[in-house]
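For reference, the structure is listed below as structure tokens.
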Amino acid sequence: MQQKQPRSMPPGVAYMDGSFIDIAEARIPILDWGFLRSDATYDVVHVWKGNFFRLADHVDRFLEGLGRLRMELPVDRAELEGILHECVARAGLEDAYVEMICTRGSAPNYERHPRYATPRFMAFAIPFSWILTPERWEEGLHVGVSRDHTRIASTAVDPRVKNYHWLDLVMGWLEVSDRGADTVVLVSEHGDVCEGAGFNIFAVLDGTVLTPDKGVLEGITRRSALDICNDLDIPTKVAPLALEELRRAQEVFVTSTAGGIMPVTRLDDAAVGGGTPGPVTRRLYETYWDRHDNSPWATPVKLSNAAQNRKQTS
């Protein structure tokens with residue numbers, strides 16, 4: 001009897017070319033500009049306990065990015081949101097990582113000018129993905145600052161448009177991994193702190209929460225942290241963040257859809273604070289997760305008739 005091969009993909013559902021399919025079946029054509037030129041934008045929203053978190057804000061940012069890239073989405077906003085709901089519902093996930101993507105697409109006969117391409121929209125839902133799992137939260141992240149790689153200049157690739165131009169991050173990540181770090185943060189060509197591999201970074205200095213204002217994706221979780229600070233009367237500053245300031249911070253934390261608010265307890269070879277999550281980080285973390293329930297930021301996943309029937313018979 002032939003043994004069943006282990007699944008190489010997580011369980012999930014994708015939407016491609018007008019159809020919902022198993023995530024393992026999702027493919028992008030080789031001549032798509034998204035693959036050949038990294039000519040694409042995307043956004044990621046998460047679902048927690050059956051609720052999307054800040055769905056409208058993620059969709060707003062996605063649509064703004066499309067406008068900056070001069071791409072026209074082949075579905076309207078209501079259809080887009082319905083597809084995201086349906087991916088989660090069909091996947092049967094209570095906690096999910098949900099991605100929406102638009103590539104430049106492809107052109108007939110491989111025309112080489114982007115104006116001839118027809119944009120392609122895709123989406124998928126898979127189980128929730130963590131940068132730092134809850135089991136490791138008290139341990140915190142060990143972040144390394146890349147010495148050999150700087151962040152792509154904002155004048156070259158607009159970081160406000162979520163993109164797949166990750167080679168600076170990937171090479172920096174491999175570099176700091178060789179030094180034992182979990183993940184990487186990059187600085188600009190001028191030496192100011194920018195962002196990391198899928199996260200924004202914050203420093204707590206003398207009671208004020210600082211985060212870089214340039215060279216970064218303006219993350220929705222970053223926005224959530226700043227909103228929560230405002231609600232809790234914690235002073236904030238969005239401005240250039242020098243590497244020296246980051247190194248002398250009493251606390252450092254990062255924010256991402258893939259894990260929320262996460263403490264940094266080691267920066268390169270030095271412990272941050274006492275080497276454990278600090279009080280400001282803890283307070284923000286607890287408030288952030290509290291707002292996933294009974295909050296204006298939470299949107300219940302809508303179950304289609306097909307998804308409801310599957311749930312009732314499962």
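The values are calculated or read from the model by the stated rules, or taken from the named source; none is laboratory data. Remember, predicted model here, so these are calculated numbers, not experimental data. As a convention, Cβ positions derive from the backbone with ideal geometry for all residues, glycine included, and neighbour counts pool all protein chains shown.
General remarks:
- Meets criteria (closer than 30 Å to F52 by Cα, out of contact with any Ser or Thr (no Cβ under 8 Å at 6 or more places or on another chain) and basic (K, R)) for R136: yes
- Every residue from segment 179-197 that is loosely packed, with under 13 Cβ neighbours inside 10 Å and either closer than 20 Å to L210 by Cβ or at pLDDT below 95 (or both): E189, H190, G191
- Residue satisfying condition, being touching a helix residue (DSSP H, G or I) at 6+ places or on another chain (Cβ under 8 Å) and either of a type in the set (S, T, N, Q) or buried (at least 18 other Cβ atoms within 10 Å of the Cβ) (or both), within set V209, V238, V254, V176: V209
- Among the candidates R104, R90, R120, R151, the residue that is of a type in the set (D, E, K, R), touching a residue at least 60 places away in the same chain (Cβ under 8 Å), buried (at least 21 other Cβ atoms within 10 Å of the Cβ) and within 30 Å of A271 (Cβ to Cβ) is uniquely R151.
- Qualifying residue in segment 85-98 (condition: touching a strand residue (DSSP E or B) at 6+ places or on another chain (Cβ under 9 Å), of a type in the set (V, I, T) and more than 30 Å from R70 (Cα to Cα)): no
- Yes/no for E245 being acidic (D, E) and either in contact with a helix residue (DSSP H, G or I) (Cβ under 8 Å, 6 or more places away or on another chain) or closer than 30 Å to I126 by Cβ (or both): no
- Close pairs from segment 43-63: first within 14 Å of K302 (Cα to Cα), partner part of a helix (DSSP H, G or I), Cβ under 6 Å, at least 6 apart: V47/V88
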